[in-house]
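These notes concern the structure reproduced below.
The values are calculated or read from the model by the stated rules, or taken from the named source; none is laboratory data. Please read all numbers here as calculations on a predicted model, not as lab measurements. Don't worry about glycine lacking a Cβ; one is built from the backbone with ideal geometry, like all the others, and counts go over all protein chains shown.
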């Protein structure tokens with residue numbers, strides 16, 4: 001489980017580095033700059049932009065999704081095991 005947390009966290013950090021490089025808050029004209037942008041990160045991801053069609057950007061986002069789904073599955077399995085013990 002710790003490995004999946006580390007993987008997800010690492011991929012999210014990579015995504016944020018990519019987002020900062022492209023200055024997403026400027027690309028999407030988010031008033032309030034980076035602070036407001038951080039709140040709307042998911043919405044911007046759904047809207048998309050040509051810069052995020054780069055293979056490396058798409059791969060990072062896809063790996064974040066896979067890692068997060070694996071982490072959800074592990075959490076559900078762990079909770080099921082704990083409830084079976086009681």
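I'd like to verify a number: residues in region 1-47 that are in a loop (DSSP other than H, G, I, E, B) and at pLDDT below 80, how many? It would help to see each step written out before you state the result.
Start the filter on region 1-47 by keeping residues that are in a loop (DSSP other than H, G, I, E, B), which leaves 1, 23, 28-32, 40.
Among the residues that remain, those that are also at pLDDT below 80 are: 1, 28-32, 40.
Total meeting the criteria: 7.
Being surrounded by 12 or more Cβ atoms within 10 Å (Cβ to Cβ) and in contact (Cβ under 8 Å) with a residue 40 or more places away in the chain is the filter here, so list the residues in region 1-38 that pass it.
4, 5, 7, 8, 11, 12, 14, 15, 18
Inside region 48-72, can you point out the residues that are out of contact with any helix residue (DSSP H, G or I) (no Cβ under 8 Å at 6 or more places or on another chain) and at pLDDT 70 or above? Steps first, answer last, please.
So in region 48-72, the residues out of contact with any helix residue (DSSP H, G or I) (no Cβ under 8 Å at 6 or more places or on another chain) come out as 48, 50, 53-55, 59, 62, 65-66, 69, 72.
Matches in region 48-72: 53, 54, 55, 59, 62, 65, 66, 69, 72.
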